[in-house]
Amino acid sequence: MRLVITGKNGQLGSALRMLLDQEGLAEHYGVTHVDYLGREDLDLTDKKQVLDHPIFSQMDSDTVLLNAAAFTAVDHAETDPAAALAGNEDIPANLAAVCATTGAFLIHVSTDYVFPAGSPGHRTSPWQAHDQIGPSSLYGESKARGERAVRASGARAAIARTAWVYSGDTLPEHKDFVSTMAAKARAGQPAIVVDDQVGSPTYAIDLAHGLLMLAHQPQPGTVHIVGSGQASWYELARAVYDALGANPDELIKPVPSHAYSQLAIRPQYSVLGTDTWRAAGHPDLPHWTHGLKRALAGDSQVHLEGK
Ligand SMILES: NC(=O)c1ccc[n+]([C@@H]2O[C@H](COP(=O)([O-])OP(=O)(O)OC[C@H]3O[C@@H](n4cnc5c(N)ncnc54)[C@H](OP(=O)(O)O)[C@@H]3O)[C@@H](O)[C@H]2O)c1
């Protein structure tokens with residue numbers, strides 16, 4: 001299978017590149033050739049550029065296009081909805097259009113933000129792939145429209161929702177919650193962290209691995225690919241401080257969401273359930289605490305089934 005990956009310089013794109021560079025991994029998942037595309041290669045919001053690009057026009061039914069490109073500045077989306085829609089609705093729509101004409105399979109990455117933000121305690125069971133979406137932020141709305149565009153395109157496609165992606169020391173050039181907390185913990189600095197939002201922390205390498213499993217056995221539909229277990233931001237921050245020998249009891253102050261001002265509304269409970277992922281025969285990803293240990297050690301190795 002030929003793989004085309006967009007968003008090659010982003011957090012997920014970098015994790016995919018790192019994983020596919022590991023000896024034997026591409027072969028294990030039947031990948032014979034990979035093309036990576038970044039913003040320097042083309043602007044994916046421009047339909048003509050997408051349709052005319054030779055890497056896209058040469059795709060066929062043996063190609064999987066994995067879209068890791070997106071507009072991901074959640075708060076910025078509230079003040080620049082046009083940019084959010086261009087990145088999160090137009091990009092997947094353009095990629096789905098080229099997949100529909102070439103027969104390539106599209107894997108489009110989406111987010112927990114498509115579900116309603118709710119209020120603390122409103123929900124205690126994981127959102128499953130078939131649950132009704134209803135975004136509460138412009139970022140979530142733009143991602144929901146991207147999902148709809150993919151489904152309406154007629155392309156063979158899977159929507160893979162994920163959440164709370166971290167990479168820590170594995171991708172030091174990318175800033176994420178874990179790398180921010182790790183820098184503070186190493187400097188012995190205090191942190192103020194929200195304790196009433198609960199989600200599915202997901203190691204970027206494990207997410208990349210899950211997406212390669214999906215590319216290997218492409219099945220249309222919607223799946224959730226997230227680290228196992230759940231945590232609040234406070235619990236995740238505590239685990240980072242603990243792992244790095246900084247005392248979380250002294251240094252981390254838990255606060256409720258309303259005391260921490262941010263432009264976009266965050267989901268209060270956005271744990272993603274993996275029913276459709278498991279029904280497709282895939283194993284759950286490692287627990288987030290396992291991913292965290294590896295992220296803090298810069299460990300990008302994954303366990304290959306059957307090896
Ligand atoms: N990070 C999370 O916690 C999280 C959680 C849930 C879901 N997701 C989803 O996971 C996916 C990957 O996220 P990520 O964390 O890897 O995001 P990221 O680090 O922001 O990477 C996105 C990449 O897309 C590229 N891009 C944006 N607009 C483009 C355009 N018009 N043309 C070409 N390339 C463009 C960006 O290029 P530039 O660097 O040049 O801007 C960037 O390299 C996204 O779909 C996101 O919604 C992420």
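Observations
- Lone unmet requirement of (1) assigned to a strand (DSSP E or B); (2) at pLDDT below 95 for D35: (2)
- Residue ID - nearest to M18 (Cα to Cα), chosen from residues in region 157-169 that are more than 9 Å from the ligand (Cβ to nearest atom) and open to solvent by 10 Å² or more (accessible area, probe 1.4 Å): D169
- Residue list for region 234-259, filter: at pLDDT below 95 and surrounded by 15 or more Cβ atoms within 10 Å (Cβ to Cβ): S257
- Those residues of region 41-57 which are in contact (Cβ under 8 Å) with a residue 40 or more places away in the chain and of a type outside the set (D, E, K, R), in sequence order: L44, T45, V50, L51, I55, F56, S57
- Hey, G134 more than 10 Å from the ligand (Cβ to nearest atom), over 24 Å from L16 (Cβ atoms) and either open to solvent by 60 Å² or more (accessible area, probe 1.4 Å) or touching a Pro at 6+ places or on another chain (Cβ under 9 Å) (or both) or not: yes
- Among the residues of region 30-48, those that are acidic (D, E) and surrounded by fewer than 17 Cβ atoms within 10 Å (Cβ to Cβ) comprise E40, D41, D43, D46.
- Test set (1) crowded, with 17+ Cβ neighbours inside 10 Å; (2) at pLDDT 95 or above; (3) within 16 Å of the ligand (Cβ to nearest atom) - D52 fails condition number: (1)
- Test: residue in region 104-112 that is under 26 Å from L212 (Cα atoms) and more than 18 Å from the chain's Cα centre (by Cα): yes
- Where a residue in region 103-130 is away from the ligand (no atom under 13 Å from the Cβ) and its partner, wherever it lies, is in a helix (DSSP H, G or I) and at pLDDT below 95, with Cβ under 8 Å and at least six apart: P120/S257
- Complete set of residues in region 260-287 that are open to solvent by 50 Å² or more (accessible area, probe 1.4 Å) and either over 21 Å from A182 (Cβ atoms) or not in a strand (DSSP E or B) (or both): Y260, S261, Q262, L263, I265, D275, R278, A279, G281, D284
- When region 55-70 is filtered for residues that are open to solvent by 20 Å² or more (accessible area, probe 1.4 Å) and within 16 Å of the ligand (Cβ to nearest atom), the ones remaining, listed by number, are I55, A68, A70.
- Identity of the residue in region 1-20, near the ligand (Cβ under 8 Å from one of its atoms) and in a loop (DSSP other than H, G, I, E, B), that ends up farthest from V34 (Cα to Cα): G10
- Filter pass, E78 being open to solvent by 40 Å² or more (accessible area, probe 1.4 Å), modelled with pLDDT under 95 and in a helix (DSSP H, G or I): yes
- Residues that are in contact with a helix residue (DSSP H, G or I) (Cβ under 6 Å, 6 or more places away or on another chain) and open to solvent by 10 Å² or more (accessible area, probe 1.4 Å), drawn from region 144-156: R145, A149, S153, G154, A155
The values are calculated or read from the model by the stated rules, or taken from the named source; none is laboratory data. Values in this document were obtained by computation on a predicted structure and should not be read as measured data. All Cβ positions, even for glycine, are placed from backbone atoms using ideal geometry, and neighbour counts span all protein chains on display. Ligands, DNA and RNA are excluded from the accessible area calculation, which covers all protein heavy atoms including side chains. Shrake-Rupley method; radii C 1.70, N 1.55, O 1.52, S 1.80 Å.
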